[in-house]
1. Select from 181, 35, 77 the residue whose mean-square fluctuation is largest in a Gaussian network model of the chain (Cα-Cα springs shorter than 10 Å).
2. For the residue pair residue 1 and residue 115, what label-to-label distance in nm results when each label sits 7 Å from Cα along the Cα-to-beta-carbon direction?
3. Name the helices (complete DSSP H segments) of the chain with a Cα length along the long axis of 15 Å or more and a Kyte-Doolittle mean of at least 1.0, or state none.
4. Counting DSSP beta bridges in the chain, what percent are antiparallel, to the nearest 5?
5. Could you give the length gained on full extension between residue 79 and residue 226, defined as 0.36 nm per residue of separation minus the Cα-Cα distance, in nm?
6. Please work out the Cα center distance from segment 22-76 to segment 106-173, rounded to the nearest Å.
7. Relative to the Cα centre, what is the charge dipole magnitude of the chain, using +1 at the beta carbon of each Lys and Arg, -1 at the beta carbon of each Asp and Glu, and rounding to the nearest 20 debye?
8. Hey, could you get me the Stokes-Einstein D for the chain, Kirkwood radius over alpha-carbon pairs, 25 °C and 0.890 mPa s, rounded to whole µm² s⁻¹?
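The numbers here are math on the coordinates, done by the rules we state, and not lab data. All of these numbers come straight from a predicted model, not from anything done at the bench. We place every Cβ from the backbone using ideal geometry, glycine too, and count neighbours over all the protein chains shown.
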Amino acid sequence: MLLKDKVIVVTGGTGILGGAFVRGIAAEGAIVGILGRNMMAASQRVNQIREMGGKAIALQADVLDEMELIDAKNKILEQFQRIDGLVNAAGGNMPEGVVDPNDNIFKMDMAGMKKVNDLNLWGTIIPTQVFGEEISKSDSGSVVNISSMSSQQAITKVLGYSLGKAGIDCYTKWMATEIALRYGDRVRVNAIAPGFFLTEQNRALLTNSDGSFTQRGSRVIQNTPMGRLGVPSELEGALIWLLSSNSMFVTGAIINVDGGFSVFSGV
């Protein structure tokens with residue numbers, strides 16, 4: 001068990017990708033803090049982990065609310081006395097951050113773009129600020145952020161989301177450098193960049209009601225050399241490696257888990 005007895009917080013732990021992260025981390029022996037706005041959903045995930053024989057705690061907080069995050073941190077420390085890792089899985093897209101093909105490109109919803117950017121970028125930075133100091137006390141602390149293919153190349157429509165994820169790439173590299181200069185190899189900061197995985201937020205963009213691919217979904221498949229969408233559990237290997245001491249000399253890295261999407265020219 002690569003994460004045995006480590007205490008690891010997963011923001012967005014009630015989502016589809018977050019759920020895969022939580023299960024994978026618990027299976028490796030860690031105590032998981034499942035953090036989200038929906039306490040009922042977090043508690044259900046905790047029960048699932050306990051049924052597997054693992055340990056978990058439900059934490060209710062909005063990743064943009066510093067005081068709620070501090071309360072969650074104190075709850076963990078009261079019960080487990082330390083925090084060893086953080087997975088910043090909270091984020092996603094919203095209709096306000098989408099620019100449709102027929103929209104006037106000079107009449108974008110600026111407030112909507114800011115809202116989506118804030119969720120993804122500041123929803124990563126603020127939890128790292130709150131939990132990071134405790135993680136710095138660990139002998140092998142790790143922060144893993146969640147990037148996206150949209151931070152590496154232009155993907156139509158999702159501008160607000162893309163801006164946030166590009167910011168996460170920058171923040172990952174900057175924070176990795178600053179923390180290493182202060183704490184050496186005791187704390188590492190890296191990111192995973194998933195390719196296309198079916199979630200509640202992109203389901204309507206990629207698939208029709210009968211399960212077939214939309215035009216956009218078909219284009220994604222055509223530009224993914226492996227010829228399929230990813231399965232959430234396929235992110236677990238990279239995540240667990242980055243959280244474990246097996247990646248002690250890795251920091252500031254952005255690991256693509258994308259079926260080859262990021263390297264394919266389309267030709």
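1. Taking springs between Cα atoms under 10 Å, the residue moving most is 181.
2. Between residue 1 and residue 115, the label points sit 4.2 nm apart.
3. On the way: long enough: 16-27 (17 Å, 1.62); 39-51 (18 Å, -0.59); 66-80 (21 Å, -0.38); 123-135 (18 Å, 0.48); 159-183 (35 Å, 0.11).
Helices meeting the span and hydropathy rule in the chain are 16-27.
4. Details: 1 of 31 bridges.
Roughly 5 percent of the DSSP beta bridges within the chain come out antiparallel.
5. Values: separation 147, 0.36 × 147 = 52.92 nm, distance 4.40 nm.
Gain on extension, residue 79 to residue 226, equals 48.5 nm.
6. Using only Cα atoms to place each centre, the spacing works out to 21 Å.
7. Values: 24 positive and 26 negative charges, 65 e Å.
Approximately 320 debye in magnitude.
8. Details: Rh = 18.8 Å.
Result for D is 131 µm²/s.
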